[in-house]
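The values are calculated or read from the model by the stated rules, or taken from the named source; none is laboratory data. In this text, all values refer to a predicted model and were calculated from it rather than measured experimentally. A quick note on method: Cβ atoms are made from the backbone with ideal geometry, for glycine too, and the neighbour counts reach across all protein chains shown. To get the accessible areas, we keep the full protein, side chains included, count just its heavy atoms, and leave off ligands, DNA and RNA. Shrake-Rupley method; radii C 1.70, N 1.55, O 1.52, S 1.80 Å.
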Amino acid sequence: MPENMIVNFESLYADLQENDFVEWQEVLPQQLSAIFEKRQHGKKEEWESILQQLPDIQASSIDISADKVRIGSVEDCDHETSEYLLLLLKKLHPWRKGPYELFGIHIDTEWHSDWKWQRIQSHLTPLKNRRVLDVGCGNGYHMWRMLADGAKLVVGADPSQFFLVQFQTLKKYAGEKPIHLLPFKGEELPAFSKVYQGKGFDTVFSMGVLYHRVSPIEHLQELRSFLRADGELVLETLVIEDESNSESHELLLPEDRYAKMRNVWFLPTPPLLVRMLERVGFKNVRVVDINQTSIEEQRSTDWMEFESLQDFLDPKDHNKTIEGYPAPKRAVVICNR
C-alpha cells in the first residue's frame with residue numbers, strides 16, 4: 001500500500017481484480033506512491049484532519065439516480081451532528097460539481113452538473129454491466145450517475161487531491177461501492193489497450209478536458225488507448241460555431257485568456273472536432289448535442305463564492321466572453337474505438 005495517502009485504496013484493488021484489470025492492480029500501488037510523492041500539497045494535513053473529523057452517521061437511504069445525488073436523510077442524525085457536519089463540509093469550499101444532498105444538507109454547487117447529464121444520458125450506450133472511466137472527473141458527480149445507471153465499475157481520474165477529498169467525504173457515507181477516484185492526470189494512466197494486451201474500459205468519458213490540453217491530438221490518442229475494441233468514447237469540449245454552415249474546419253486559439261482562463265488552448269468547430277477523432281482512429285463519430293452554457297447552469301453560490309460564468313462574460317452581451325470571444329459553447333461527441 002502507498003504511504004502517506006489521504007485514503008486507503010484496498011477496495012479499489014479488489015474491484016480491479018474482479019473486473020479483469022489484474023495487471024494494473026499489481027502496479028497501481030507504486031504509481032500512487034510516486035504521484036503523492038511528486039505532488040505534495042500544502043493542505044494535505046488539513047484535508048486529512050477534516051476526513052478524520054467527519055461524524056459517523058449511518059445513511060438510512062441513498063439515491064444516486066436523482067439529479068441531486070442524495071445520501072441519507074435529515075432524520076439520520078441530530079441537529080448538533082448536522083451542524084457539525086455542515087461546518088466541515090463548508091471547510092471544503094469551493095464545491096464546483098454537483099448538486100448533492102448529504103443528510104438533509106443541500107450542497108448547491110457552482111455547476112448544475114445534472115443538466116449536462118440530462119443532455120447526454122439518452123445518447124449513451126446503456127452503462128449496465130460496463131466498466132467506465134471518467135477522465136477529468138472533478139469531485140465525481142457524474143461518476144455517481146454512471147454507477148446509478150448500472151456500471152459495474154466506475155473509475156475517475158483527476159489530479160486534484162482536493163477533489164479527491166470531496167469525493168471521499170461522500171463515499172464515506174455511501175458505503176462500499178465499485179466507484180473510485182484516482183489522483184491522476186489523463187496522461188498518467190496506462191495505455192490499457194497496448195500495455196495490457198487489448199484490455200480496456202467499455203466506456204470512457206472526457207468532459208471539459210480537451211481544451212485544457214496543449215496537444216489535443218495526444219489527448220484523443222490517450223482516450224483511444226483506454227478503450228477496449230469497439231468501446232465507446234463520450235467527449236464533451238468547448239467549440240466555436242460553424243457560422244458558414246459549410247462544414248468548416250476552423251479553430252479558435254485564444255491570444256491570452258479565454259473567459260478569464262489561461263489554460264484554454266483550442267476551440268474547434270464541430271466538423272473539425274469530428275475530423276480529429278476520425279484521424280486518430282475513432283469510428284461512428286457523431287455530434288449528439290451542442291449547448292451554450294448559461295449563467296443559470298454555472299454560477300456562484302454559498303458553496304462556491306468565487307467568480308463564475310457571469311463574471312467571465314461581457315456584461316453587455318452574454319454571447320461574448322469578457323475578452324470578446326464567442327461565449328462558451330459545448331459539444332458532446334460520441335464515437336467508438
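Listing for the model above:
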read-out	value
Inter-site label distance for A229 and E250 at 7 Å from Cα along Cβ, in nm	4.2 nm
Stretch gain in nm, segment T81-N336, where the contour uses 0.36 nm per residue and the Cα spacing is subtracted	87.0 nm
Restraint check, K185/K260; K38/K97; K38/K128, Cα-Cα greater than 29 Å	K38/K128
The chain, relative contact order [Cα under 8 Å, separation at least 6], %	15 percent
Most mobile of K199, K316, K260 in a GNM of the chain (Cα contacts under 10 Å)	K316
For region 128-271: relative contact order, % (alpha-carbon pairs under 8 angstrom, 6 or more apart)	21 percent
Whole-number D in µm²/s for region 206-255 (Stokes-Einstein; Kirkwood sum over Cα pairs; 4 °C, 1.567 mPa s)	102 µm²/s
Euclidean distance of C-alpha centroids, region 210-288 and region 65-103, integer Å	36 Å
Largest to smallest accessible area among D20, D114, D108 [probe 1.4 Å]	D20, D108, D114
Distance between modelled label sites at A14 and H106, nm, 7 Å Cα→Cβ extension	3.7 nm
The chain - mean residue ellipticity at 222 nm from DSSP helices (-39,500 (n - 2.57) per run, n ≥ 4, rounded to 500)	-9000 deg cm²/dmol
Amide hydrogen neighbours beyond the local backbone of I62, cut-off 5 Å, H modeled	G72
Mean separation of Cα contacts under 8 Å (6+ apart) over length of region 10-155, as relative contact order %	18 percent
15 Å beta-carbon shell around V209, net charge (K/R +1, D/E -1)	0
Rounded accessible area of Y13 (nearest 10 Å², 1.4 Å probe)	20 Å²
Net charge of neighbours whose Cβ lies under 9 Å from the Cβ of E110, counting Lys and Arg as +1 and Asp and Glu as -1	+2
Sequence of F312, F103 from largest to smallest accessible area, 1.4 Å probe	F312, F103
Separation of the E48 and E323 label points, Cα + 7 Å toward Cβ, nm	3.9 nm
Which of K171, K128 is most accessible, then next, and so on - probe 1.4 Å	K128, K171
Calculated Rg and Dmax of region 65-141 using C-alpha coordinates, Å	14.8, 45
